[in-house]
Structures are given as structure tokens and as C-alpha cells.
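The next block holds one structure in the form of C-alpha cells; read it before the comments.
The values are calculated or read from the model by the stated rules, or taken from the named source; none is laboratory data. Values in this document were obtained by computation on a predicted structure and should not be read as measured data. Glycine gets a Cβ as well: all are built from the backbone with ideal geometry, and neighbour counts include every protein chain shown.
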């Protein structure tokens, strides 16, 4: 079967939270239904500014199914669009928004459990609330895990004037809960550092996003998160971003300036990648857009740690999910890992899952 680990889905509508809460008009995202060239769409508005226009295949599961059938995707793992995270908001409001989004995704899965699984979202600005909502996602909503951002921006409501990277002590309670609950954690880049200085040529998405993912990988390695929580299952979007292309430089920095790089974790970052028959310590998706790049990723991580991820339905996503892998002349065990095995291990799915059971029965 083919599992697409990295896809996004919004609700069909949601409250105008800026009006409801009385703040954040330029930050909370509002849905403005409309048409473009006679086709239905939703305009994602931040105040009076349109952030993005999305089509039904981004907010209506019925519109997604024909694409899944056309591409041969058996199961989509859906998560919210990162612009909805709201890590800057008041913690209680962030929790309310996360619950709304998670309940909506849970309904999508309940309606079609053989075609969709979901990753929840959390109010990461408050680790206690995040851990509580994570437990609800796992135990009450039946989700295999959550999607989180590559960092947290400043939040004046909790008295924090600086970014938090993923190794920050403030997030320790969340990581402990994720390990204890056996939750899969998918890390997605967002709010790219320096994006105000990259205004032209779509550079925040072309340059900033891959760097953001590398930032998250390095912070988790150098901060010792995988050592403190050895049972964590973490997957980084976009094939790990620039980490895979700059591991040589990263390792060289670790060796030459351990006083700066290795101060919190003495383990060489390359040890977290494939070593002989042992695959990497964490997962990545396959979104490289280039066969050579994907082969390099497979070599670095091991096929057991690379899962099909298309970033459907956005322009920078793979327009025909799985086609590049199909055309790469990979051996059968490698393709099985990329299309199914790695995602199942990351998500903790078994043959009892409706999508997997349906595929087994069909064969």
C-alpha cells in the first residue's frame, strides 16, 4: 500500500478568533469563502491581508479522495496548515483553537478510517497544556501523534520575548509526555527565521523552510533530546531540509568547536544517521523533488527511516505523490519502506488499522 505521511487539511470553516478573543487581528487566520475564476476557494486572511488562497482539496475530504485514487494513495496522514499553530496567542486560547482543529480532523478520520489518519496540533506555548491535549489526541481521538512547528516564536502573554528552539527546557514536559504516550511527532518548518529579509523570489519558502528544518534537527541533536528520550519517534518534513546536505559542515563544527556545539551532548551528530545495518535515530519524509537527492537521503538515513511525504495539496508539494519513487528503479524492499513500512513504524500502525486491513484483505 502507499501511505502519504505529509499532507494538509483545514476545516471547511472556523470562528473569527481575532474578533472572538479581541486581539491578534493580524495574526489569527480567518477563513473568507469565495470564488476564483468561477471555482470555490477559501481566502486565508490575516486581518485585511490575504495570506493564501486554498481550493477544496485543502478543506474538503470529499475533494481529496479522487486525487488519492488517481495517484494510488491508500492512506493520507493529514495535519493542519502550520499558519494555524497560534503559538504566539494566550495559552488558553491556543488550547481552544487546537481542540477545534483536532476535533475537526478526528471527524474526517471517523468518517473514512480506511483512507485517512490524522496528526493533531498543540498549544506549544504552554508545555503543560500541550501535554494534556496530546494525551487527549492519543487516548480520546485515536490519533497516532501530532505535528509541531520547528520552533516557537516570542509570546508576550507568557512573558517570553525570544524564540524557543525544540531543545528548550520549557518544552521538557511535552517531550516526556510524547515519549510516555508513544506519540509520533512530525516536525514542520514555519515562521522562517529572517523571512522579512527574504521578501523576493519566494525565498522564505525556497531557502528559509529547508534551513528551518535543519535548525530543528540540530537543536534536538545538540540539545540531547534523543538521549533524554530514547523511545521518541520523530519525523522531520522535507527530507530533513538542509541538514542532509550540510551534515559534513555540521559534523566538522562539532569536531572543531566542541565548546560551542557539543556543550550539551557529546555524541557526534553523524551517529544519529545510518550506521551499518542500523538505520537513523529519527525519520524524514521523501519530499526532495529530485531522485539524486532522495537517493542521498536514503543512503544517509536508511530506507527504514524515509517515508513518502508529498506536502499535498500545495504548489511546493509533489504534484503526483509517489511517482518519483516509482520511477527510480529502487529495489522492492526499499520501495516497501518508502511507501508503507517507514510510515507504519513512525506512526505505530499495525495490521489492525482499517487502511492496512483493507489492503491485506484486497490482496
- line: Sole miss for residue 215 among (1) free of Cβ contacts under 8 Å to residues at least 60 places away in the same chain; (2) closer than 21 Å to residue 178 by Cβ; (3) within 15 Å of the chain's Cα centre (by Cα) is condition (1)
task: Filter region 236-265 down to residues that are part of a loop (DSSP other than H, G, I, E, B) and touching a helix residue (DSSP H, G or I) at 6+ places or on another chain (Cβ under 7 Å) and give me whichever is nearest to residue 7 (Cα to Cα).
output: 237
- line: Checking 316, 330, 294 in turn, the sole residue that is within 17 Å of residue 67 (Cβ to Cβ) and in contact with a helix residue (DSSP H, G or I) (Cβ under 8 Å, 6 or more places away or on another chain) turns out to be 316
task: Count, please, the residues in region 108-154 that happen to be in a helix (DSSP H, G or I) and more than 20 Å from the chain's Cα centre (by Cα).
output: 4
In region 155-185, the residues that are at positive phi and more than 19 Å from the chain's Cα centre (by Cα): 159
task: Output the residue which, of all residues in region 161-186 that are outside any loop (DSSP other than H, G, I, E, B) and without any contact (Cβ under 8 Å) to a residue 24 or more places away in the chain, is farthest from residue 121 (Cα to Cα).
output: 169
task: Search region 48-70 for residues being assigned to a helix (DSSP H, G or I), in contact (Cβ under 8 Å) with a residue 24 or more places away in the chain and in contact with a helix residue (DSSP H, G or I) (Cβ under 8 Å, 6 or more places away or on another chain), and hand back the single one that is surrounded by the most Cβ atoms within 10 Å (Cβ to Cβ).
output: 64
task: Just need a number here: residues in region 187-224 that are modelled with pLDDT of 95 or more, out of contact with any strand residue (DSSP E or B) (no Cβ under 9 Å at 6 or more places or on another chain), in a loop (DSSP other than H, G, I, E, B) and under 16 Å from residue 243 (Cβ atoms).
output: 1
query: Residue check: is residue 38 more than 30 Å from residue 342 (Cβ to Cβ), at pLDDT 95 or above, out of contact with any helix residue (DSSP H, G or I) (no Cβ under 6 Å at 6 or more places or on another chain) and surrounded by fewer than 16 Cβ atoms within 10 Å (Cβ to Cβ)?
result: no
message: Any residue that is farther than 30 Å from residue 346 by Cβ, touching a strand residue (DSSP E or B) at 6+ places or on another chain (Cβ under 7 Å), surrounded by 14 or more Cβ atoms within 10 Å (Cβ to Cβ) and modelled with pLDDT of 95 or more - is there at least one of those in region 3-21?
response: yes
message: Here is a check on your reading of the model: is residue 26 assigned to a loop (DSSP other than H, G, I, E, B), at pLDDT below 95 and surrounded by fewer than 21 Cβ atoms within 10 Å (Cβ to Cβ)?
response: yes
query: Residue check: is residue 73 buried (at least 19 other Cβ atoms within 10 Å of the Cβ), within 30 Å of residue 324 (Cβ to Cβ) and over 21 Å from the mean Cα position of the chain (by Cα)?
result: no
